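To keep things clear, I will list the structure first and then write my remarks on it.
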Amino acid sequence: MNPQIDALIDRIRVLEGELDAELAKRSAELLIGIEQGRAAFEEEVLRRHRELRSKLLPYVLGANPLIMLTSPVIYAGIVPFLLLDLFVSVFQAVCFPIYGIAKVRRADYFVFDRHHLAYLNALEKLNCAYCSYANGLIAYAREISARTEQYWCPIKHARRVIGTHARYALFDDYGNGEGYLQRLEELRKGLAKVA
């Protein structure tokens, strides 16, 4: 691999760690801790959260009619999402052991905790659960796809790709046939112990 690229990847990881630390500090300012897997707020904060919650009926009746008309379109997405979830879960269950790829831990990608927020009404909590599922699923499917790509075709594209997955930086450069053949088995073996 290119030493400059390796150095940039290391710098990105350091910055991601710093970002995580700053986000954790901000979260700590709002929370008093985690109790039995749930975020715990001070009683005064909880009281204020309850005061901020919109009543369900005025919330629904006050919604933009066009938003209400598009709601079925949004929620119809649950069908392809469930099918994608089923497919990628079965795909990795069947294929990953054969390829020697460590399985993606599903629970790492699905976080449902917003329903504990007292300032959200029931519909907002449902919407948050839907978004958490959809985005968690896309991240879960992306990691399964990324590991599959690393196994079968770890080669960068000739042109820039927007939004590449984290594994993409490890791939060999487009047109580097010698590098590809030299590193293919190394990249595949690296998938056996992915955390």
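Do we have ALA107 as loosely packed, with under 12 Cβ neighbours inside 10 Å, of a type in the set (A, V, I, L, M) and at pLDDT below 95 here? Considered against the rule, which asks whether it is loosely packed, with under 12 Cβ neighbours inside 10 Å, of a type in the set (A, V, I, L, M) and at pLDDT below 95, ALA107 comes out as no. In a residue-by-residue description of region 112-123, the property of being among the aliphatic types (A, V, I, L, M), part of a helix (DSSP H, G or I) and either out of contact with any Ser or Thr (no Cβ under 6 Å at 6 or more places or on another chain) or modelled with pLDDT under 95 (or both) applies to at least one position.
Residues are listed down the side, and each one gets a yes or a no for (1) of a type outside the set (Ser, Thr, Tyr); (2) in contact with a helix residue (DSSP H, G or I) (Cβ under 9 Å, 6 or more places away or on another chain); (3) within 28 Å of SER54 (Cβ to Cβ):
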| site | (1), (2), (3) |
| --- | --- |
| TYR119 | no, yes, yes |
| ALA122 | yes, yes, yes |
| TYR133 | no, yes, yes |
| GLU143 | yes, yes, no |
| ARG147 | yes, yes, no |
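If the condition is being part of a loop (DSSP other than H, G, I, E, B) and either under 24 Å from ILE98 (Cβ atoms) or over 27 Å from the mean Cα position of the chain (by Cα) (or both), then region 166-184 contributes PHE171, TYR174, GLY175, ASN176. Scanning region 179-195 for residues that are surrounded by fewer than 17 Cβ atoms within 10 Å (Cβ to Cβ) and either closer than 19 Å to GLN4 by Cβ or at pLDDT below 90 (or both) returns GLY179, LEU181, GLN182, LYS193, VAL194, ALA195. The conditions of being in a loop (DSSP other than H, G, I, E, B) and either loosely packed, with under 11 Cβ neighbours inside 10 Å or modelled with pLDDT of 95 or more (or both) are not met by ILE67. Residue pairs whose Cβ atoms lie under 6 Å apart, separated by 6 or more positions or on different chains, with the first residue in region 24-38 and under 18 Å from ARG48 (Cα atoms) and the second in a loop (DSSP other than H, G, I, E, B) and at pLDDT 75 or above, are ILE32/GLU42. When you scan region 83-94, do you find a residue that is at pLDDT below 95 and charged (D, E, K, R), even just one? No, the conditions are met nowhere in region 83-94.
Yes or no, residue by residue, for (1) free of Cβ contacts under 8 Å to residues at least 24 places away in the same chain; (2) of a type in the set (A, V, I, L, M); (3) assigned to a helix (DSSP H, G or I):
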{"residue": "GLN92", "(1), (2), (3)": "no, no, yes"}
{"residue": "LYS103", "(1), (2), (3)": "yes, no, no"}
{"residue": "ALA134", "(1), (2), (3)": "no, yes, yes"}
{"residue": "ARG160", "(1), (2), (3)": "yes, no, no"}
{"residue": "THR164", "(1), (2), (3)": "yes, no, no"}
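Just one of the listed residues (ARG114, ARG38, ARG26, ARG106) is under 30 Å from VAL194 (Cβ atoms) and in contact with a Cys (Cβ under 6 Å, 6 or more places away or on another chain), namely ARG114. Determine, yes or no, whether ALA139 is without any contact (Cβ under 8 Å) to a residue 12 or more places away in the chain, surrounded by fewer than 16 Cβ atoms within 10 Å (Cβ to Cβ), small (Gly, Ala, Ser) and out of contact with any helix residue (DSSP H, G or I) (no Cβ under 6 Å at 6 or more places or on another chain). No, not satisfied.
The values are calculated or read from the model by the stated rules, or taken from the named source; none is laboratory data. Keep in mind the model is a prediction, meaning the values are calculated, not measured. Neighbour counts run over all protein chains shown; Cβ positions are idealised from the backbone, glycine included.
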